[in-house]
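Remarks on the structure that follows.
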Amino acid sequence: MIYTDGIHMISSVSLAELHDFARNTLDLPARWFHPSPRHPHYDLLTPESAVRALEAGAVKTSSKHIVRIIQDNPHLTHVGHDGRL
């Protein structure tokens with residue numbers, strides 16, 4: 001499942017799901033991805049991108065919930081230098 005707080009976007013399932021949603025569904029630039037080892041995510045850098053994410057099925061949630069999702073799913077934090085598993 002894809003989640004956003006309106007600024008950051010993550011997947012609770014996998015980085016592959018996140019990349020697919022961001023790049024193929026929303027057509028976000030790859031440079032909007034942050035491969036942080038602790039919390040890999042896409043930044044939604046425009047209000048329009050946040051609206052498009054929600055319209056495409058992302059679930060609106062709080063920043064605290066996003067952190068909790070990442071903490072509860074440690075497999076999401078193991079990214080390579082290119083941001084892929």
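Descriptive notes on the structure:
- Matching residues, the stretch 37-82, being under 17 Å from S12 (Cβ atoms) and either at pLDDT below 85 or aromatic (F, W, Y) (or both): R38, Y42, N73, P74, H75, L76, T77, H78, V79
- Residue pairs meeting the criteria (Cβ under 6 Å; at least 6 apart or on separate chains; first under 18 Å from M1 (Cβ atoms), in the stretch 20-33; second charged (D, E, K, R) and assigned to a helix (DSSP H, G or I)): L26/R52
- Within the stretch 37-55, being without any contact (Cβ under 8 Å) to a residue 40 or more places away in the chain and of a type outside the set (K, R) holds for H39, H41, Y42, D43, L45, T46, P47, E48, S49, V51, E55.
- Filter result for A50 (crowded, with 16+ Cβ neighbours inside 10 Å and either in contact with a Gly (Cβ under 8 Å, 6 or more places away or on another chain) or in a helix (DSSP H, G or I) (or both)): yes
- Counting only strands (runs of 3 or more DSSP E) wholly contained in the stretch 1-47, the ones carrying 1 or more residues that are over 12 Å from I69 (Cα atoms) occupy 8-11, 41-43.
The values are calculated or read from the model by the stated rules, or taken from the named source; none is laboratory data. Bear in mind the structure is a predicted one, so any value in this text is a computation, not a measurement. Cβ coordinates were reconstructed from backbone atoms using ideal geometry, including for glycine residues, and neighbour counts include every protein chain displayed.
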